[in-house]
Amino acid sequence: METLYIEATKSTPEIQFDPGNNKISIKGQSYPENAFKFYEPVFVWMDAYLKQLEQEVVVELYFNMPYINTSSSKCMMMFLEKLDVAHQTGKKIMIRWYYDRENETALECAEEFKEDLTLPFEINPLGEEP
Amino acid sequence: MDLNLFELQKTLQSCGILISFSGRFSQEIIEELGDAVKKYLETESISQNDTYNVFSIFIEQTQNIKKYSAVKTNCLGGEKIANSGIVTIGKTEYGHFVSSGNLMESEDTYALTSTLARINSLDKVGLKKLYKEQLKKDISVDSPGAGLGLIDMARKASRPIEHSFIRLDNEFYFFTLKVYV
């Protein structure tokens, strides 16, 4: 599979999906004009990746999204649900979500995503990355 | 009519308006203004959390207007609607607010009125439940939005959302929304 890389803009995050080391990161604010259009290639890549993913491989997803508008939240929920389904079929997926300690709303937003999912989901303040 | 900026400024100040933009919204204008709003609030003594909420409500309101204009592009009043946007950020004794307005076709006002009534009837727990339901609902890729914006604004608001419709003629109303952080 090929690496997926999308450069950040003011209203879209940097996306870095590396199938070589099974590390995936989404970093930056997200409030594009059309969130569904922006995230569509990301969904397509993820579907293909999860399909070929072997059960014993550990996948790490790193999120650092200081601001997410509502239509991007909808896309993130769809994205996380795909990962949750993969987790339920026995794939090893780990979410690490980072937020700014000063920003309660960002923490609440992460907690609300986590609430409805069953996969391992860590929420950490920024500055404590590995 | 003579352009009297002094009078205009007095009106803005008397309403507590700190920043305002009137005209056609593009994604670029929304992004630039959004940054300006954030930078401006950083110089005021408000918490980072309130700044975040003002920014977030500003983005949802302006993107809602932008999306509504996009839906109406091919309608007869499309141009008129696209040029009718206005957004303001201000401060009164109740705190900071984001207020915006735009023209709407009469037939679209009914659904919006009932959505707003429903949202204002809910407490924070009810709003969270409604937000989650809407978040998980399947919607198509070409849908203009997720239907979450107003619910999200109400969740971040410190007071009930205020709104008004001013009837212009048989076809158009001017819709105003005001949300306090």
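Comparing B:Ser56, B:Ser26, B:Ser14 in a Gaussian network model of chain B where C-alpha atoms under 10 Å apart are linked, the largest mean-square fluctuation is found at B:Ser14. The relative contact order of chain B comes to 24 percent, based on Cα pairs under 8 Å that sit 6 or more residues apart. Across B:Lys132, B:Lys38, B:Lys80, mean-square fluctuation computed from a Gaussian network of chain B (C-alpha pairs under 10 Å connected) peaks at B:Lys132. Taking other C-beta atoms within 10 angstrom as a stand-in for reagent exposure, B:Tyr68, A:Tyr98 fall in the order A:Tyr98, B:Tyr68, fewest first. Under the simplified labelling scheme, the B:Lys80-A:Leu107 pair shows an inter-label distance of 5.0 nm, with each label point 7 Å from Cα along Cα→Cβ.
Neighbour counting of Cβ atoms within 10 Å sorts the residues A:Thr12, B:Thr115, B:Thr176, fewest neighbours leading, into B:Thr115, B:Thr176, A:Thr12. In terms of its C-alpha gyration tensor, the range B:55-107 has a prolate overall shape, because the principal axis ratio a/c (a ≥ b ≥ c, square roots of the eigenvalues) is not below 1.5 and a/b outweighs b/c. Going from the residue with the fewest nearby Cβ atoms within 10 Å to the one with the most, B:Ile161, B:Ile57 rank B:Ile161, B:Ile57. Placing +1 on the Cβ of every Lys and Arg and -1 on the Cβ of every Asp and Glu, with no other charges, gives the protein assembly as shown a dipole of roughly 560 debye about its Cα centre.
Output the relative contact order of the range A:4-125, whole-number percent, from Cα pairs under 8 angstrom with separation of 6+ residues. Don't skip to the answer; put the middle values down first.
Values: 198 pairs, mean separation 26.9, N = 122.
Reported relative contact order: 22 percent.
Here, each number is a calculation from the coordinates, and none is a lab measurement. It should be emphasised that the depicted structure is a prediction, and the values quoted were computed from it without experimental measurement. Every residue, glycine among them, receives a Cβ derived from its backbone with ideal geometry; neighbour counts consider all protein chains shown.
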